[in-house]
Amino acid sequence: MFLNNIFSKKIREQEIYPDEIFLDAKNIPQFDKRQFEGRLEKPISKKAFFLLSVFFASVIFFFFAKTFYLQIAQGGAFAERAEKNSLKQEILFPPRAVIKDRTGVKLAWEENGLRKYTELKGFSHILGYTGLPSPADLESADAFLPNALVGKEGIEKKYENLLRGERGVKLVERDSYNNIVSESAQNEPSPSDDLVLAIDSRIQSQFFKIIESVISERVFSGGAGVIMDVSTGEIISLVSWPEYDSRILSAGEPKEEIQKFFQDKNKPFLNRAVSGLYAPGSILKPIVALGALNEGTVSSDRQIFSAGSISIPNPFFPDKKSVFYDWKAHGWVDMRRALAVSSDVYFYEIGGGYEGVKGLGIKRIGEYSSRFGLDSKTGIDLSGESAGVIPSPELKEKNNPNDPVWRIGDTYNASIGQGDFQITPIEAAVYASALANNGKILQPRLFLNGDIKQRQIDIPENYFNVVKEGMRMAVAEGTALALNVPGVAIAAKTGTAEVGSAKKYVNSLVIGFFPYEKPRYSFAVVLEKGPYHNVVGAPYAMRQLIDWMSIYTPEYLK
């Protein structure tokens, strides 16, 4: 046992080398050489090690040399380029949407990056124009950019969000000279669909020409006209004269032409159709008539005698009389006849009271005028709309500190649309529409696909019928005889409002609707500050348009 242990210990202590183990391996038969049986591993040769070392040294040298080139040899040049170049995101603007009329005629579009407008007259106040954003635009929450074209007035401004589409983004590198070094789009811009207006460009253009012609021939200083659908509130035509030129303002030149617009005393930047305020004159009388019927002040058949004037005691000189004149002596007139011939005496009495007629009084005249929206904005989709003004004792006290007391004479003046009464042409068109549709106050709109918004005035339909019959009589045999045309029955009410204390000028107005049997469209025309003796005015302008429509757009008259 002891010898075995010693022997085993010696064996464990003896070193055995690999070549001793495999000394005769090549002579052992049946080795599978494909599995490397019977083969010895060989050390890497000095040549292979040398080549591998050279390869790695070359790689290291290449990177070192490149680093030296970039950091040392060209470091200054690249540093200068890095300082001068800029890399930032830029906005991609889609083409601004096309604006069309209801028949598909293009009114505004983009061409070679520039905004173009129709050459037809009469559209500038509707369409507006585009320009660079103002400081107020840039401070707004609407994300305007300094280099973006934005709507400045009209439809261009009102529907800015619909017209400009969805912006895209690109990454752009520019050098110090603002030259593009490289760029890549990240999000492509997406243009909006065409915006379609309710306007008929044929009627709009012709209406403008007619109003312009009458103003020039009859020496008015301005004018406006509106045609409105009495079922939907769609605006078929909205004219304001004079106007600026959208093409010139969008282009920003020629400068001298733009300066002329600002210097023009007739204020071409004022959209008279929605911002102009005018005394309504006798076009207010249908409201006074409806109020009198609804309050039981008079029946429609009650006759009142007009000898040409009424007189009441003078509050300042008791021994004298204050005289309120009619424009002529009409004799006995009932409500329908009074509307047809526009008797002032009749409306003095039912408005302010006289002898046996109690009268509505100024408070109720104001209440009924307010029901028809004459003291509030209509909500038309244009900026800058004004709200009308209804006279009241409170308003007189505020505006006339030297004579603050309300008197019966003030009520008489209010009864025929004079005094402090002021309305806009668009308010007049909405009011005329409510007469046609028996009390529906519609929100007017230029956008063809907008929602119909309306409210109802609580007055019986038979009272509306009385007023409409009187307006039809005005066309058949009264003050609106100029609109008695073949082919379409029209109902209308004319008005003449004195302008200025000297009473040398008047505004000429007319409101109405057609066809009389089944009303489809209301209208309002105002011609501003013409000579007092002028007998040709708003009804004449509307007559010319109806004559033209009967030939070129007869579908509106049926």
Review point. About its Cα centre, how strong a charge dipole does the range 259-403 have in debye, to the nearest 20, once Lys and Arg get +1 and Asp and Glu get -1 at the Cβ?
Key: 340
**Study point:** Ranked by how many other beta carbons lie within 10 Å on average, peptides 252-265, 398-411, 192-205 from highest
**Key:** 192-205, 398-411, 252-265
Revision key, fill the gap. Row for the range 412-459, column shape: gyration tensor on C-alpha, a ≥ b ≥ c, rounded if a/c < 1.5 i.e. under 1.5, prolate if a/b over b/c, else oblate; value oblate
Exercise for review: Give, rounded to the nearest 20 debye, the magnitude of the charge dipole that the range 304-363 has about its Cα centre when Lys and Arg contribute +1 at Cβ and Asp and Glu contribute -1 at Cβ.
Suggested key: 100
Study note, to complete from the structure: Counting sequence-distant residues (5 or more places) and residues on other chains, those with an amide H built under 5 Å from that of residue 92 are 168, 169, 170
Point to revise | 19 Å Cα-Cα reach of residue 468 towards aspartates and glutamates, excluding residues that sit fewer than 8 places from it in its own chain | key: 229, 295, 301, 334, 344, 427, 458, 477, 517
Practice item. Report relative contact order for the range 201-556 in percent, whole number only (criteria: Cα-Cα under 8 Å, sequence separation at least 6). Key: 22
**Study point:** Phi-based couplings in Hz for the range 366-376 (Karplus 6.51, -1.76, 1.60; Gly and Pro marked x)
**Key:** x, 4, 6, 5, 5, 4, 8, x, 7, 10, 9
Check your understanding: Using only the Cα atoms, what convex hull volume per residue in Å³ does the range 201-556 have?
Key -> 144
**Study point:** Amide H within-cut-off set for residue 236, under 5 Å, with H built and near neighbours excluded
**Key:** 227, 228, 229
Practice item. Measure up 328/558; 285/396; 100/285; 121/396; 157/267; 116/377 against 29 Å on the Cα-Cα distance and list the ones that go over. Key: 328/558; 100/285; 121/396; 116/377
Check your understanding: What residues qualify as long-range amide H neighbours of residue 485, i.e. H under 5 Å apart, gap of 5 or more or another chain, H built at 1.01 Å from N?
Key -> 490
Point to revise | Karplus-derived HN-Hα couplings along the range 116-123 (A = 6.51, B = -1.76, C = 1.60, θ = phi - 60°), whole Hz, x at Gly and Pro | key: 10, 10, 4, 7, 5, 6, x, 10
Point to revise | Tensor-based shape of the range 308-367 (alpha-carbon gyration tensor, a/c under 1.5 rounded, otherwise prolate or oblate) | key: oblate
Exercise for review: Using the Karplus curve 6.51 cos²θ - 1.76 cosθ + 1.60 with θ = phi - 60°, work out ³J(HN,Hα) for each residue of the range 448-465 in order, rounded to whole Hz, and write x for Gly and Pro.
Suggested key: 5, 9, x, 7, 7, 10, 7, 9, 10, 8, 8, 9, x, 4, 5, 6, 4, 4
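Coordinate-derived values only; no laboratory data. Worth saying up front: this structure is predicted, and the values here are computed from it rather than measured. When we count neighbours, we look across all protein chains shown, and the Cβ atoms used for this are built from the backbone with ideal geometry, even at glycine.
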